[in-house]
Amino acid sequence: MKKFLVVMVVLAFVGMGTMAFAADVSVGGSLQIRSRDFNQLDFDKDLHDNQIDTQSRIIMNINVKAGDDVKGKISLWNDFSDWGSNFNGFSTDQNFGNGFGQSTAGLKADTFGFREAWVSFNIPGIPINVTAGHQLLQLANGWFARSMHFGSDAWVVANVTGGNTIAILDATAQKGLVNATHDDIDAYIILDQYAIDDKNTVGLNVTDAHLTNANDLYNIGILYNGQASIVKWKLQADFQTGQNKTNTTGGPQPKYKGDEVVLQGNVLLDPVTINILLGYGTGAKQGQTDVNQMITFLDIDPHYTFLYEYKITTAAGATHTGMNNTTVESVGAMWHALKSLDLGADVYFLQASEKTNVALTGGGAGALATNLGTEVDLHINWKLYDNLSWNWDLGWFDPGAVYKDAAGKGTDSALGIQGILAFNF
């Protein structure tokens, strides 16, 4: 497999040489080395949930531009893979290089694939642009739908007239769900975004998340991003409706009733920036058939906190759930200490929007509660050279009553530190 991959890369470079007369081709990429140490992610002092490793990620980007109306991109990469998971001079394991994985948990061997592979072109004589293929996508400010880690397969048809952008998207997330011919997970989106001026933008989007042939979730989203003097803000609100009609036994057909509001604010006081985050997303109500929680479709990267939501099961019962059943108040600051060094800190106060319990210690669920806990994150962004940076995040999460088990255990704080050395070329 590796030999085949090398041949593909070599052919790609040879091909670029032959294309040079017809297109403008540029090659770039990144080598990233990630060191991390996460402890007590289930809030007790055993070791089975700790993550301590060093990993590497390799990205190679090929950008092609053929005139003013056609361009494309291919991004070949492997997500973070553990050091020592493949053959090296000190290994006696003859099964080196076997297995495929990705960067969420467990042992990760090299997994090479295409993070991006798309073509974008303007239709001749019509002010319409079409982008088709595997691409990075984000809707509004990224609180409802975001696919910026692995990307998604999609068609995007857009018209840009002055400051107004109208677009239609058709994205496929999964093919052939439960082996039914038309049971794909698709999203059909229409949006209109208007730049009032250089500092103020408003937008409206409507999504039909076609989860199965009898299960449609509709999301209506609005945004207003702007700046007045030294204050910048990003405001996004989402409202959900729809119905799950997959119950064929005559039982109730749940309706979707989730919503969320997220305000991000920055106060620019050079060399210090004050950061504020206020977020609310509805959660599942005990004993109700309808789906009152905010349904999100987010990637596996951190979205606000460094531990809660990224590494710890949230009040929605999973990771990477955004504001689903979460209310957050946060204040922080980033200090531009030196030309090449930024230092920051954020404090998060987290509550479940609806009472719940999330026992992670194996001792059974405790009483229903709303207090999720408090998190403090520290940030060190160090730019060594123009193309070399070394950024660190440190987090401490003190769990609240939601995470206590039936015996009242589950109160040990979670800790995490992660550094990424990134060489971009």
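Pulled fully out, how much extra length does the chain show between residue 23 and residue 214, if you take 0.36 nm times their separation in residues and subtract their Cα-Cα distance? Before the final figure, lay out the partial values.
Values: separation 191, 0.36 × 191 = 68.76 nm, distance 4.59 nm.
Contour length minus Cα-Cα distance gives 64.2 nm.
Report the residues of segment 383-420 in range of a label on residue 365: point 7 Å along Cα→C-beta, backbone N strictly under 19 Å from it.
400-411
Can you give me the relative contact order of segment 257-425 as a percent, contacts being Cα pairs under 8 Å and 6 or more apart?
In percent, rounded to a whole number, it is 18.
Need one number: nm distance between label points at residue 172 and residue 380, each 7 Å from Cα along Cα→Cβ, rounded to one decimal.
Calculated label separation equals 4.7 nm.
For residue 339 and residue 192, what is the calculated FRET efficiency with R₀ set at 41 Å and r taken between the beta-carbons, to the nearest 0.05?
For R0 = 41 Å, the calculated efficiency reads 0.50.
Put +1 on the Cβ of each Lys and Arg and -1 on the Cβ of each Asp and Glu in segment 257-425; which of 402, 327, 414 then has its Cα farthest toward the positive end of the dipole?
Checked the options; the winner is 402.
Given the C-alpha centroids of segment 152-169 and segment 110-130, what is the distance between them in whole angstrom?
12
Pop a pseudo-label 7 angstrom from the Cα along the beta-carbon direction at both residue 268 and residue 69 and give the gap in nm to one decimal.
Spacing of the two 7 Å Cα→Cβ label points: 3.8 nm.
Kindly list the residues of segment 385-425 that lie in the label zone of residue 35, defined by a backbone N under 16 Å from the point 7 Å along the Cα-to-C-beta vector.
389-395, 416-423
7 Å from Cα along Cα→Cβ at both residue 329 and residue 406: what's the point-to-point distance in nm?
3.5
Give me 384, 343 ranked fewest to most by other Cβ atoms within 10 Å of their Cβ, as a rough exposure proxy.
The fewest-first ordering by Cβ neighbours comes to 384, 343.
Karplus couplings for segment 343-349 from phi (6.51 cos²θ - 1.76 cosθ + 1.60, θ = phi - 60°), rounded to Hz, Gly and Pro as x?
10, x, 8, 9, 10, 10, 10
Values in this text are rule-based calculations from the coordinates and carry no lab data. Only a predicted model underlies this, so the values are computations on that prediction, with no experimental measurement involved. Using ideal geometry, Cβ is built from the backbone for each residue, glycine included, and neighbour counts are taken over all protein chains shown.
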